[in-house]
Every structure is written in C-alpha cells, then in structure tokens.
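Novice: Structure incoming, see below.
The values are calculated or read from the model by the stated rules, or taken from the named source; none is laboratory data. All figures in this text were calculated on a predicted structure; none of them were measured in a lab. Using ideal geometry, Cβ is built from the backbone for each residue, glycine included, and neighbour counts are taken over all protein chains shown.
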Amino acid sequence: MDYKLNKETLPSLTDEITNALAQVAAKHQGLSLKLSGKVTYAHDGLSFDAKLSGSIGTTEEQGKRSWENYAEAFGLPKDAYGKTIKSLGEEFTLAGIDPKKRTKSIIAVNEKGVRYAFDYQAVKRMLCQPAVEVL
C-alpha cells in the first residue's frame, strides 16, 4: 500500500514525526529534539525544521574544557584552571575562558559565586606574582 502524502495525511504524519523525535530525545538524557517552525507541504514533498538542544555539561565542565582548549592561545598555563588570583584585595578562582571576547575573556568566580570577567594580560600578571604572606 502506497502512502499518500497530502494535506489530509499531513497532521498524522506530523504527529508521528514528533513522537519519533521525542523517542530519540528520551534515549539521551538532557537532550531536546523537536519540530520547530511550520511543517509545510508542497507538491514534491514535506519540509520542516527540527531543533536539537541540550546541555553541553555543567558550567564547571564547560569552564574547564574552555580553559584546556584556549589557555595556551591566551598565553596562560593550562594548569592554572581552578587557581586563585587576587584583585583589589578579593580572591577569585579561575573558572574558564570566553574565546569570543578580545578583552576580559577570562572568567573567574569570587567566594560568593559571582562570576567576573578579567583581561587575560592582567590574569597573566597576577599568576606570575609570588604570594605575599602578611605576618
């Protein structure tokens, strides 16, 4: 039996496609796969857009991955991820790199969990400064 693709069969076909996408997404925790926009019917076929979205890891995982991938490009040591720097008397933990930003591309978090952006050259200087112990 040939399936007839026409305006009458379009709603049930759309439902089947939506269900199939949901089954694929259900196999992969944190993944969302849906039809997006309109499903359109033309004499030569059916067209639709599907949107795949999901998490690419926790913020910490993303930060560590960005540091590993881009630290050397910014002249920073790969092992500096998670190290502490001090700026204006406040301590910050190095938490990632945003390579799309030319300035203030280094992401650091203070002890309250607030994220700040630092210039990579400033971070390089801070990493090179020896720790000063106050007696």
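Novice: Residue check, LYS83 against (1) touching a residue at least 40 places away in the same chain (Cβ under 8 Å); (2) touching a Phe, Trp or Tyr at 6+ places or on another chain (Cβ under 9 Å), all met but one. Which one?
Specialist: (2)
Novice: Now for a separate question. Looking for whichever is under 30 Å from ASP119 (Cα atoms) and in contact with an Asp or Glu (Cβ under 7 Å, 6 or more places away or on another chain) here; the options are THR84, THR59, THR93. Which one fits?
Specialist: Checking each option against the conditions leaves just THR84.
Novice: Right, another one. Out of (1) under 22 Å from the mean Cα position of the chain (by Cα); (2) part of a loop (DSSP other than H, G, I, E, B), the odd one out for VAL109 is which?
Specialist: Evaluating VAL109 over (1) under 22 Å from the mean Cα position of the chain (by Cα); (2) part of a loop (DSSP other than H, G, I, E, B) leaves (2) as the failure.
Novice: Find the residue count for region 51-96, including only residues that are among the aliphatic types (A, V, I, L, M) and in contact with a strand residue (DSSP E or B) (Cβ under 6 Å, 6 or more places away or on another chain).
Specialist: Our first condition is that a residue be among the aliphatic types (A, V, I, L, M); within region 51-96, this holds for 52, 56, 71, 73, 76, 80, 85, 88, 94-95.
Checking which are in contact with a strand residue (DSSP E or B) (Cβ under 6 Å, 6 or more places away or on another chain) leaves us with 52, 80, 85, 94-95.
Here the count works out to 5.
Novice: Can you tell me which of (1) at pLDDT 80 or above; (2) surrounded by fewer than 13 Cβ atoms within 10 Å (Cβ to Cβ) is the one GLY57 doesn't meet?
Specialist: So the condition that GLY57 fails would be (1).
Novice: Another question, then. For the condition of a type in the set (A, V, I, L, M) and assigned to a strand (DSSP E or B), what is the one hit in LEU76, LEU94?
Specialist: Working: LEU76 fails: assigned to a strand (DSSP E or B).
The conditions single out LEU94.
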